[in-house]
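Structure record follows, encoded as structure tokens.
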Amino acid sequence: MSTTVQLIDAGTGNLQSVHNALTNLGAQIVLVSQAVELKKGLRTILPGVGAFRQFMEGLQGRGFSEPVHQIAQSGVPLLGICVGMQAMFDTGEELGEFSGLGIIHGKVTRFPDQTSFKVPHTGWNNITAAKPSPLLTGIEDGSYFYFNHSYYCQPLDDTDTLTLTDYIQPFSSAISRGSVYGVQFHPEKSQKMGQILLNNFLKL
């Protein structure tokens, strides 16, 4: 039996690559562009591209803020990808300080300028598990995923960090709290390891 996944469209970017990756894994996709279309009890993915503030304005404008909170509290698996992970935090500093969903306490801030590092952090980098999780089944420490971001998440509670990645400094490249998960990298662009991670999410 296939797994059905709600894919939230905040109106800020193309979701086709995430859609395709899930379809290749046999998932049935429900694309949701307005909060009234959300269904209770369905595992949900919040993919994000672009700037934090614009993404949050898209979520708020389509009425998603409170329903996404309800999903996070319901125990149904919820996965944020890239800016979708960042949106789960209290605040983001991109294009000025702006409120996020506040599901995970902490902030999203820009990488510090370093002459020997380019910002945005773009390309392949590895992850190291900070704690065990079914989302990481079959993914060894040192596995590579594809990143493209200038801002990174700083959880207030270290136990919310699921994986760490080193770029300029160690940062939280994935988070988890209960049934809520977030990944800063793009699993849909991360070839075999990304497919494993998404398949793990479908099995949660």
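The values are calculated or read from the model by the stated rules, or taken from the named source; none is laboratory data. Here the structure is a predicted model, which means the values were calculated and not measured. When we count neighbours, we look across all protein chains shown, and the Cβ atoms used for this are built from the backbone with ideal geometry, even at glycine.
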Whichever residue in the range 107-134 is of a type in the set (Phe, Trp, Tyr) and part of a loop (DSSP other than H, G, I, E, B) and, among such residues, is nearest to ARG53 (Cα to Cα): PHE111
Scanning the range 10-51 residue by residue, the ones that are touching a residue at least 60 places away in the same chain (Cβ under 8 Å), in a helix (DSSP H, G or I) and within 19 Å of TYR181 (Cβ to Cβ) total 4
Residues (more than 20 Å from CYS82 (Cα to Cα) and either modelled with pLDDT under 95 or surrounded by 14 or more Cβ atoms within 10 Å (Cβ to Cβ) (or both)) located in the range 1-24: MET1, SER2, THR3, THR4
Identify the residue in the range 159-175 that is over 20 Å from ALA21 (Cβ atoms) and among the polar types (S, T, N, Q) and, among all such residues, is farthest from the chain's Cα centre (by Cα). GLN169
Residue in the range 187-204 that is in a strand (DSSP E or B) and not hydrophobic (A, V, I, L, M, F, W, C) present: no
Applying the selection to the range 94-108, what residues are modelled with pLDDT of 95 or more, of a type outside the set (A, V, I, L, M, F, W, C), out of contact with any Leu (no Cβ under 7 Å at 6 or more places or on another chain) and crowded, with 17+ Cβ neighbours inside 10 Å? GLY100, LYS107
Out of all the residues in the range 135-148, which are assigned to a loop (DSSP other than H, G, I, E, B) and surrounded by 12 or more Cβ atoms within 10 Å (Cβ to Cβ)? THR137, ILE139, SER143
Can you confirm whether the range 84-93 contains a residue that is assigned to a strand (DSSP E or B) and surrounded by fewer than 18 Cβ atoms within 10 Å (Cβ to Cβ)? yes
What residue, among those in the range 31-69 that are β-branched (Val, Ile, Thr) and within 18 Å of the chain's Cα centre (by Cα), is surrounded by the most Cβ atoms within 10 Å (Cβ to Cβ)? ILE45
Assess whether ASN148 counts as being over 22 Å from ALA51 (Cβ atoms) and of a type outside the set (D, E, K, R). no
Which of the numbered conditions does GLU97 fail, given that it passes all the others? Conditions: (1) in contact with a strand residue (DSSP E or B) (Cβ under 7 Å, 6 or more places away or on another chain); (2) over 24 Å from LEU198 (Cα atoms); (3) in contact (Cβ under 8 Å) with a residue 12 or more places away in the chain. (3)
